[in-house]
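Data block below; observations after.
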Amino acid sequence: MNRRHLPTLTGMQCFEAAARHLSFTRAADELNLTQSAVSKQVAQLEAILEHPLFQRVRRRLQVTPEGSLYLTEVRKVLAQVEMSTRYMQSYGGESDVLNVSTLPTFGSRWLVPRLKGFRLQHPSIYLNISIRSEPFDLDQERIDAAFFYGRGVWPRANCIHMLNEEIVAVCAPSLLPAGGFVEALDLTRLVLLQSASRPESWHAWFDDQGLYTRHSYHGPRFDTFEMLLRAARVGCGVALVPRFLAEEELEQGMLSIAWPHVQTSSDAYYLAYPENKGDVPRVRGFIDWMKSHLIYPATETLPGPPAPR
């Protein structure tokens, strides 16, 4: 679309205010414009979109279905503009934003607790942490550091080994029989909760013990380990999860180990950062902070082909 045919910010503000008040007059009062100016801005917006945004029913203004759809997007744009403006207004020229991406449950359960104190030691660094589950380009997405699970390689990036993973089967204590299960295959009496990101996990866990069951792929699927752990806690079934993610529930007795077998993963968790940003102060400060929270010396790998995720 030609930029001359893109809607103006004023047009979007007029539309949003009119939709919220269902009145051009009240929208005009809020925006310090005339009623005719607001009406004109909305009309221009409708001409660009080639869809009506409002209709009158019994002399009352109503948003059309097309208008409701567009309103959702307009509010996102206006919220982003407001946030960016407020950030620049508060920017003193002495701070740096560090964009960090992480896996969902890893971020909430492992990363966030280890950020305590970071702000005090690095007062000029503002952390912006986002959730990313799929592979992406660090440079294109402007990410300074990314936590991921895999084999320790990321295109055009250096990778730091953070921690290994041990897979355990967990369930609510109420689901365990009085004397415990007799064999691993007894777990199939329960619902096997499935991980959408690791659909082979139950098959691999049984296979690691020389066992096979046709029930390995049967059961409800969950997008994140957080959801999987929650489902296990409330008694929906038994789940396979990285032990370090379930430590809190295991310590507090909200979850129990359903079977003692521990499967060691061949992949691990890593921190990747663009190879051209290793000496950028904000990136180096974050890397050094993360390294200080490891229980063993960190190792770094050079850029390589993308790892399976």
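Is it true that some residue in segment 177-199 is farther than 16 Å from Trp259 by Cβ, touching a Pro at 6+ places or on another chain (Cβ under 7 Å), in a strand (DSSP E or B) and in the same structural domain as Asp223 (by TED's automatic domain parsing)? Yes, segment 177-199 has at least one match. The single condition from (1) assigned to a helix (DSSP H, G or I); (2) more than 30 Å from Ala196 (Cα to Cα); (3) not β-branched (Val, Ile, Thr) that Arg109 fails is (2).
Here the condition is being more than 20 Å from Pro242 (Cβ to Cβ), surrounded by 14 or more Cβ atoms within 10 Å (Cβ to Cβ) and of a type outside the set (Ser, Thr, Tyr); of Leu176, Leu190, it holds for Leu176 alone. Failed condition for Val280, given (1) at pLDDT 95 or above; (2) surrounded by fewer than 21 Cβ atoms within 10 Å (Cβ to Cβ); (3) not polar (S, T, N, Q), with all others met? The failed condition is (1). Of all the numbered requirements in (1) without any contact (Cβ under 8 Å) to a residue 60 or more places away in the chain; (2) within 21 Å of Asp288 (Cβ to Cβ); (3) not charged (D, E, K, R), Phe118 misses one, and that requirement is (1).
Using the structure shown, decide if Ile160 is in contact with a Lys or Arg (Cβ under 6 Å, 6 or more places away or on another chain) and either buried (at least 17 other Cβ atoms within 10 Å of the Cβ) or touching a residue at least 24 places away in the same chain (Cβ under 8 Å) (or both). Considered against the rule, which asks whether it is in contact with a Lys or Arg (Cβ under 6 Å, 6 or more places away or on another chain) and either buried (at least 17 other Cβ atoms within 10 Å of the Cβ) or touching a residue at least 24 places away in the same chain (Cβ under 8 Å) (or both), Ile160 comes out as no.
Okay, residues lined up against (1) in contact with an Asp or Glu (Cβ under 8 Å, 6 or more places away or on another chain); (2) closer than 19 Å to Lys291 by Cα:
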position: Ile129; (1), (2): no, yes
position: Pro135; (1), (2): no, no
position: Pro155; (1), (2): yes, no
position: Cys159; (1), (2): yes, yes
position: Glu165; (1), (2): yes, yes
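Residues that are in contact with a Phe, Trp or Tyr (Cβ under 6 Å, 6 or more places away or on another chain) and modelled with pLDDT of 95 or more within segment 163-180 comprise just one, Ala169. For segment 49-79, residues that are within 13 Å of Cys14 (Cβ to Cβ) and among the β-branched types (Val, Ile, Thr) total 1. Summed over segment 7-49, the residues that are among the small types (Gly, Ala, Ser), within 17 Å of Glu66 (Cβ to Cβ) and either without any contact (Cβ under 8 Å) to a residue 12 or more places away in the chain or not assigned by TED's automatic domain parsing to the domain that holds Leu61 (or both) give a count of 2.
Scanning segment 94-123 for residues that are in contact with a Gly (Cβ under 6 Å, 6 or more places away or on another chain) and more than 14 Å from Ile287 (Cβ to Cβ) yields no hits at all. Ala146 meets the stated requirement of being crowded, with 19+ Cβ neighbours inside 10 Å and outside any helix (DSSP H, G or I).
The values are calculated or read from the model by the stated rules, or taken from the named source; none is laboratory data. Computed from a predicted structure; not experimentally measured. Cβ sites come from the backbone with ideal geometry, for glycine too, and all protein chains shown count toward neighbours.
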